[in-house]
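Let me begin by presenting the structure, written as structure tokens, before commenting on it.
The values are calculated or read from the model by the stated rules, or taken from the named source; none is laboratory data. Remember, predicted model here, so these are calculated numbers, not experimental data. Each accessible area value is taken on the protein alone, full model and side chains, heavy atoms only, with ligands, DNA and RNA left out. Shrake-Rupley method; radii C 1.70, N 1.55, O 1.52, S 1.80 Å.
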Amino acid sequence: MFNSNDMSLFLTALSFATEKHRAQRRKDCQATPYINHPIEVAETLWHIGKVRDIVTLVSALLHDTLEDTQTTPEEIQNLFGTDVLCVVQEVSDDKNLPKQVRKRKQIETAAHKSTRAQELKLADKICNVHDITRAPPKNWSLERRTEYIDWAEQVIAGVRGVNPSLESHFDTIAAEARHTLTHPTG
Ligand code: NDP
Ligand code: ZN
């Protein structure tokens, strides 16, 4: 359950991630503040997935800090502990690898990750596929958006069974995204 220590850790993580992402924007044409995304991922875990595990929720707030900011594993370890660090590392790509290799590895490794990391992957892909529909990266063609959904579905194939509510929500969001891409307005 979520107690007062959990709330304290959650707020520390929110503040930490906000500071780390403070100069970053999402790729949509409105350049939405980056921190909106980790907050949405945590919210999706809570509301859709009914996830109450504090390690997973804190990891959601921090999930892009290692990959996309100067944050070090030691910082996460010291402030949030080993369990959180492990989950954040599990959902972070190795930026030293070429992009196509990173993409392939996400598909290949999804089934072997911890339950926490798999639930976080589901929420992350829900939010990104939703963004592809409502606020896609600027200049992405229909083809590229479709390829993203195809790829996200391949990653999610590896985590099916871990959280039926998140899984079914992902399927709905992906179907809506496909419908929007095949019936573009204007
Ligand atoms: P990127 O990895 O460059 O971008 C997608 C990532 O950006 C998301 O996973 C998300 O990651 C983050 N992001 C930031 N803002 C948004 C937003 N508004 N909406 C959605 N995601 C956002 O994309 P890829 O290189 O993976 O491209 C997707 C597919 O397109 C691949 O299959 C690739 O092969 C293909 N491709 C096609 C090209 C073409 O011209 N047809 C060219 C290049 C690639 P996070 O949650 O970590 O922030
Ligand atoms: Zn993300």
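Which residue fluctuates the most in the chain, going by a Gaussian network model with Cα springs under 10 Å, if the choices are HIS47, HIS63, HIS169? Of the options given, HIS47 has the highest mean-square fluctuation. Heavy-atom accessible area for ILE107, with the other protein chains in place and a 1.4 Å probe, reaches approximately 50 Å².
Hey, what did segment 4-182 get for relative contact order, percent, Cα under 8 Å, at least 6 apart? Working shown, then result.
Numbers: 203 pairs, mean separation 42.0, N = 179.
This gives 23 percent for segment 4-182.
Helix-only arithmetic for the chain: the sum of -39500 (n - 2.57) across DSSP H runs with n ≥ 4, divided by the residue total, places the mean residue ellipticity at 222 nm at -21000 deg cm²/dmol.
When ligands, DNA and RNA are left out and all protein chains stay put, how many square angstrom of accessible area per residue does the chain have with a 1.4 Å probe? Walk me through the numbers before you get to the answer.
Values: 9750 Å² over 186 residues.
With all protein chains present, the chain gives 52 Å² per residue.
Its Cα gyration tensor gives the chain an equivalent ellipsoid, and the semi-axes of that ellipsoid, as √(5λ) in whole Å with the largest first, are 26, 18, 17.
Please go through the residue pairs LYS50/LYS138; LYS103/LYS138; LYS50/LYS99 and name each one whose alpha carbons sit more than 28 Å apart in this structure. Intermediate results must be reported in sequence, preceding the final value.
Numbers: LYS50/LYS138 32 Å; LYS103/LYS138 20 Å; LYS50/LYS99 33 Å.
LYS50/LYS138; LYS50/LYS99, as the Cα separations exceed 28 Å there.
Each part gets one Cα centre, and for segment 133-184 versus segment 75-103 those centres are 23 Å apart. Rolling a 1.4 angstrom probe over segment 4-182 with all protein chains present gives an accessible area of which 50% lies on carbon and sulfur atoms.
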